[in-house]
Amino acid sequence: MAFRLLQYRAASGERSVIAAIDDAAFVVQGVASVRDLAMRAIAEGTTLRQAVDTLGLGNPVDLVAEHAAGRLISPIDHEDDAHVLLTGTGLTHLGSAEGRDKMHRDASAAATQTDSMRMFLEGVEGGKPASGETGQQPEWFYKGDGSQLVAPGEALTMPDFAQDGGEEPELAGIYLIGPDGTPFRLGLCLANEFSDHVTERHNYLWLAHSKLRQAALGPELLVGAPPAHVEGSSRIVRNGETLWEKPFLSGEDNMSHSLANLEQHHFKYALFRRPGDIHIHFFGTATLSFADGVRTEVGDVFEIEAAPFTLPLRNPLARAAAAMVSVRSL
């Protein structure tokens, strides 16, 4: 049975946590956020599921109705956005090098192995080490703090200077750093990592710039052992009609790196083990509409869905107004 946690916010602003098992969902009593629930579980030495059982369940919830009403918010957050870090790894999925290679390869150097292909092949060779061993480190990038996280249904807004706003359908790991610096994986979320692929294609050294964009999480936090195989669908809807649609795969069976290896190479840095911080880490994808020649437009709607998640992630595309930054001397 798929056990999921969600966060609900009423029109009054009052918040609550919802626990869902398959098609049944109920309010969790005595807790207002998933982060608070996780901190309780860490303090008591229990699992999230056990912490929910201890608190007990209250009123039933119609998830489909609440999702349609926009009352399901991102399944993890912090009252201080500076304590939420959005990061990710790329070239982690079998087949993911193809789309990236198309973006980075010159016609004149078609026979030359690109840096992207080299990194992908190194991951295939050493991204799934034996237990207790350290494998090949992946590509890594930073997306921003919690202010970059967009709720389900809200617009993914690209900056006025962006060359593109493109979807990246994938899974994200959600982590909370315990009081002693131990990272705890709370679960996985469906995610749209959202990037600027035109900027990245211009020069792969601009990857860092292309990733400083918003991102969205689906409303459900999947708790427990991560599924080895996830199969979903990613589509773009324009003016009510499907413009592009393609299946995507994730989970370790479809990856060149194990989750343990990706986690090791992220949390090996002491600055990422600061007690109380939340980490949202995007695990990558092999499916991009941009690789198929699609150019998104403001108003397009990104739709991502995949079992065992029961609710889709939908976000329209918007563009921010132009703004010049003026730096003053003191």
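Calculate for the chain the 222 nm mean residue ellipticity that helices alone would give, adding -39,500 (n - 2.57) per DSSP H run of length 4 or more and normalising by residue count, nearest 500 deg cm²/dmol.
Taking each H run of at least 4 residues, the total per residue is -5500 deg cm²/dmol.
What ranking do 224-235, 169-180 get when scored by the average of other Cβ atoms within 10 Å per residue, highest first?
169-180, 224-235
Let me know the Kirkwood hydrodynamic radius for segment 146-255, please, with Cα pairs as the basis and the value in Å to one decimal.
15.8 Å
With N set to the number of residues, divide the alpha-carbon radius of gyration of segment 77-319 by 2.2 N^0.38 Å and report two decimals.
For segment 77-319, the normalised Cα radius of gyration is 0.96.
Taking Cα pairs under 8 Å and at least six residues apart, what relative contact order does the chain come out at, in percent?
Once divided by the residue count of the chain, the mean separation gives 22 percent.
Let me test this: with uniform point scatterers at the alpha carbons of segment 3-68, what is the Debye-based log₁₀ I(q)/I(0) at q = 0.24 1/Å?
Rounded to two decimals, the profile gives -1.04.
Points 7 angstrom from Cα along the Cβ direction at VAL298 and GLN264: gap in nanometres?
The answer from the label model is 4.7 nm.
Applying the Karplus parametrisation 6.51 cos²θ - 1.76 cosθ + 1.60 with θ = phi - 60° to the phi angles of segment 254-270, what ³J(HN,Hα) value in whole Hz is obtained for each residue in order, glycine and proline being reported as x?
With the stated coefficients, segment 254-270 comes to 10, 10, 8, 10, 7, 4, 4, 5, 5, 5, 4, 7, 8, 7, 5, 7, 4 Hz.
If I take R0 = 35 Å and measure r between the Cβ atoms of GLU14 and ALA225 in this structure, what FRET efficiency does the formula 1/(1 + (r/R0)^6) give, to the nearest 0.05?
The pair GLU14/ALA225 has a calculated efficiency of 0.60.
Could you tell me the distance between the Cα centroids of segment 71-93 and segment 239-303, to the nearest Å?
12 Å
Figure the gain on full extension for ALA24 and TYR204 (residue separation times 0.36 nm, minus the Cα-Cα span) and round it to one decimal in nm.
So the chain would gain 60.2 nm between ALA24 and TYR204.
Each value in this text was obtained by applying a stated rule to the coordinates, not by laboratory testing. In this text the structure is predicted, and so the values were computed from the model without any measurement. Cβ atoms come from the backbone with ideal geometry, glycine included; neighbour counts cover every protein chain shown.
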